[in-house]
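*Asks:* Please read through the structure below; I'll follow up with questions.
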Amino acid sequence: MRWYAWSHLISPGTAAMNIVKRHVEIMNSYIDSPQQHMDAVKDPKMLGGPFVDYGYDRTDEVKELLADTLEKQSKMVQLVFAFRKLDKLLKSHPKGYSLEGLYDKVPSILKGYVELIYDLNNNLSFRIFEELLYNTEYYDKSFQSIALWITNNDSRPFSLSTPKLNDANLLHLNIPFDDKIIDELSKMKRVAGSPEDLANKLNLTERQNELFQTFFTEEAPVPYQKYTGDKVRMRYFGHACIFIETKDLTILIDPLISYYGYPTEVHHYSDFDLPDEIDYVLITHNHQDHVLLETLLPLRHRIKNIVVPRSGGGGLQDPKLKLMFNKIGFNNVIEIDEMETIKRSDCIITGMPFTGEHSDLDIKAKTCYHVKVEDFSLFFSADSRVMEPKLYENIHKIVGDVDVIFLGMECDGAPLTWLYGPLMFDEISRENDHSRKLSGCDHMKGMHLVNMFHPKEVYVYAMGQEPWCEFISSLKYTDESLPIIESNKLVEESQSRGLIAERLFGEKEILYSKRS
Ligand SMILES: [Fe+2]
């Protein structure tokens, strides 16, 4: 429905809540006062806020989209009402008494799709049978579409809060994400094919086809250079995206691949630097800047295995990543649990506990990764935050020291409601909201990991600072920003101890000799 596609818009429960509490609210606000939005997007302090970014008043089109949304997605609105009704029902139930009698009163559209539960403190809640809910009209693939256009820069702030309205240079294809035609189209980045054939398969109108043909070139792309040495090659692609390659193995972590073909100030790797087949894609957690459908769908045909953290027990806030990927056409998804391993003769991938950065919500779809390539070990901690230092002592007992740590240090994260607000049933006070930020490690917490795992190298990453990541991270730091101050301290302290340490930016390549 013209909004930037991310995982919470796929799973029916989270999608419904986001439609009502994010999309409809943003559109209503824009219709009320487009000028307020036009002013807000010019203010750097508002980056990441719920604002529509168009240079001129597009109220009429937004009104149209809102009407279309309320009509086509009316079922999703009903689902939200049903969740709210269920929440009220649970709140009115005398605490501690059996829930069996309540099933009769569950809103009819949720009957058979939820289980009512207590936690051990007699707090009531419900869990969703998500697989069953996907199998209803609440998962409607006709809401999915692909927008294609030629870009000549990385700037697209407010993409998450700005619906993609019609534009003469934009081709909108109403195809669901699991359609194989996406693979066919994506393959043509590398392998020559016939745009005309593809246009026929896509049933494009003459006008659409005219634009479509401008997306193709007769020039062959720079061929990918496979690594053939006997070391472990690490390449940093920006944000949390790291590519590990040996002559026999390829692993891509949290894919976020930039576009290319236009001048950029910051040197970086892109699609050309990825192989035709990727053995493992590892996903650390279910945040927009770590699960990017716009990167993953075009890569789908090249991914042999995609590893995702195992999700929890059906909570609305913790949709299952495996299911989500299955539904959008990935048939090779492996769920990994805490301390569970995936073994190959030349590598062991271990899921490790990921704490923090999720506002203390009961969310399990998050994992750090310990990747051992032969006897060389790398620890990817993503945005996790050390909440209880003892945890890492316990982990260390199993995995031992590591050679390299990659650590996210976005230690001044967004408040709880920025991401999870649309899923909450009760009003959140400002104090609560700001006390439960989505923050990663600061200097002290980061040093705890260094002290525990004795790495030889420490890299701060996942800071969202590259120009092509800004649209999704909504972060622009200065030297005075806390994450910069704290990560500088960590880098300096690590260096003073003789470690190699750096805050990564743009691109980086390192070749590691396997110890043996
Ligand atoms: Fe995150």
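Each value in this text was obtained by applying a stated rule to the coordinates, not by laboratory testing. Note that this is a predicted model, so its numbers are computed, not measured. Note that each Cβ is placed from the backbone with ideal geometry, even for glycine, and that neighbours are counted across all protein chains shown.
*Asks:* Could the peptides 441-452, 280-291 be put in order, highest first, of the mean number of other beta-carbon atoms found within 10 Å of their residues?
*Replies:* 280-291, 441-452
*Asks:* Follow-up question, since we're still on this one. Tell me which residues come under 5 Å, amide H to amide H, from S311 once H is placed; ignore anything under 5 positions away on its chain.
*Replies:* Amide H neighbours of S311: L321, K322.
*Asks:* Let me ask you something else. Sort L296, L407 so that the residue with the fewest other Cβ atoms within 10 Å of its own Cβ comes first and the one with the most comes last.
*Replies:* Going from least to most buried by this count: L296, L407.
*Asks:* My understanding is that a pair violates if its Cα-Cα distance is over 29 Å; which of K21/K327; K247/K445; K111/K141 do that in this structure?
*Replies:* Listed pairs above 29 Å: K247/K445.
*Asks:* What relative contact order, as a whole-number percentage, does the range 233-323 give when Cα pairs under 8 Å and 6 or more residues apart are counted?
*Replies:* 22 percent.
*Asks:* Under 5 Å between amide hydrogens, which residues at least 5 positions from M339 or on another chain qualify, with H placed 1.01 Å from N in the peptide plane?
*Replies:* G351, M352
*Asks:* Using C-alpha positions alone, give me the convex hull volume of the chain per residue in cubic angstrom.
*Replies:* 161 Å³
*Asks:* Which residue, L90, L274, G238, has the largest displacement toward the positive end of the dipole of the chain when charges sit on each Cβ (Lys, Arg +1; Asp, Glu -1)?
*Replies:* Selected residue: L90.
*Asks:* Non-local amide H neighbours of I117 (under 5 Å, H modeled in plane, Pro and chain starts lacking H): which ones?
*Replies:* S125, F126, R127
*Asks:* Per DSSP helix of 4 or more residues, -39500 (n - 2.57); summed, then divided by the residues of the chain. What does that give at 222 nm, rounded to the nearest 500?
*Replies:* It comes out at -8000 deg cm²/dmol, rounded to the nearest 500.
*Asks:* Anything over 24 Å Cα to Cα? Flag those among K343/K364; K304/K437; K364/K437, in the order listed.
*Replies:* K304/K437
*Asks:* Next question. Fewest Cβ neighbours within 10 Å first, please rank L185, L293, L173 accordingly.
*Replies:* L173, L293, L185
*Asks:* I would also like to ask the following. What distance in nm lies between label points placed 7 Å from Cα along the C-beta direction at F81 and S496?
*Replies:* Output for this residue pair reads 6.3 nm.
*Asks:* With only alpha-carbon atoms counted, please give the Rg and Dmax of the range 64-160, in Å.
*Replies:* Rg and Dmax of the range 64-160, Cα atoms, are 19.0, 62 Å.
*Asks:* If you take every DSSP beta bridge fully contained in the range 317-472, what fraction is antiparallel? Give it as a percent rounded to 5.
*Replies:* The answer is about 65 percent antiparallel.
*Asks:* What ranking, highest mean first, results for peptides 270-277, 32-39 when packing means the other Cβ atoms within 10 Å averaged over each residue? List each step's numbers first, then the result.
*Replies:* On the way: 270-277: 15.9, 32-39: 14.4.
Ranked from most to least packed, the peptides come out as 270-277, 32-39.
*Asks:* Could you give the dipole magnitude of the range 66-167 about its Cα centre, charging the beta-carbon of Lys and Arg +1 and that of Asp and Glu -1, in debye to the nearest 20?
*Replies:* Details: 13 positive and 13 negative charges, 70 e Å.
Rounded to the nearest 20 debye, it is 340 debye.
*Asks:* Taking the Cα centre of the chain as origin, sum charge times position over the Cβ atoms of Lys and Arg (+1) and Asp and Glu (-1), and report the length of that vector in debye to the nearest 20.
*Replies:* Details: 58 positive and 78 negative charges, 226 e Å.
Result for the chain is approximately 1080 debye, rounded to the nearest 20.
*Asks:* Now for a different question. HN-Hα J couplings of the range 119-132 from phi, Karplus 6.51/-1.76/1.60, θ = phi - 60°, integer Hz, Gly and Pro as x?
*Replies:* 8, 6, 9, 6, 8, 8, 7, 9, 10, 9, 7, 4, 4, 5
*Asks:* A follow-up question, please. Run the numbers on the chain and let me know its relative contact order in percent, using alpha-carbon pairs under 8 Å that are six or more apart.
*Replies:* On the way: 922 pairs, mean separation 75.5, N = 516.
Value for the chain: 15 percent.
*Asks:* Tell me, what does the Kirkwood hydrodynamic radius of the range 261-392 come to in angstroms if you use every pair of distinct C-alpha atoms?
*Replies:* Values: mean 1/r = 0.0621 Å⁻¹.
It works out to 16.1 Å.
*Asks:* Normalised by the empirical 2.2 N^0.38 Å for globular proteins, what value does the Cα Rg of the range 126-227 take?
*Replies:* Compared with the compact-globule rule of thumb, the range 126-227 sits at 1.36.
*Asks:* Report the far tail of the P(r) of the range 1-120, meaning the percent of Cα-Cα pairs longer than 22 Å.
*Replies:* Values: 3532 of 7140 pairs.
Everything past 22 Å amounts to 49 percent.
*Asks:* If you don't mind, another one. How do K42, K111, K231 line up, fewest other C-beta atoms within 10 Å first?
*Replies:* K42, K111, K231
*Asks:* Here's another thing I want to ask about it. If you average the alpha carbon positions of the range 54-68 and of the range 427-466, how far apart do those two centres end up, in angstrom?
*Replies:* Using only Cα atoms, the two centres lie 39 Å from each other.
*Asks:* Now, a different point. Under the Karplus relation 6.51 cos²θ - 1.76 cosθ + 1.60, θ = phi - 60°, what is the ordered set of whole-Hz ³J(HN,Hα) values for the range 45-54, x standing for Gly and Pro?
*Replies:* Each residue of the range 45-54 in turn: 5, 8, 3, x, x, x, 10, 8, 10, 10 Hz.
*Asks:* Where does the charge balance sit around L70 when Lys and Arg score +1, Asp and Glu -1, over other residues with C-beta under 12 Å from its C-beta?
*Replies:* Working: positive: K63, K72, K75; negative: E64, D68, E71.
Around L70, the surrounding residues sum to 0.
*Asks:* Just to check I understand the Karplus step: with θ = phi - 60° and J = 6.51 cos²θ - 1.76 cosθ + 1.60, what whole-Hz values come out for the range 199-210, glycine and proline as x?
*Replies:* Per residue, the Karplus-derived 3J(HN,Hα) values read 4, 5, 5, 7, 6, 6, 6, 4, 5, 4, 5, 4 Hz.
*Asks:* Percent relative contact order of the range 453-516, based on C-alpha pairs within less than 8 angstrom and at least six residues apart?
*Replies:* Reported as a whole number, the value is 42 percent.
*Asks:* Have a look at the DSSP beta bridges in the chain and tell me what percent are antiparallel, nearest 5.
*Replies:* Values: 38 of 61 bridges.
Bridges in the chain that DSSP calls antiparallel: roughly 60 percent.
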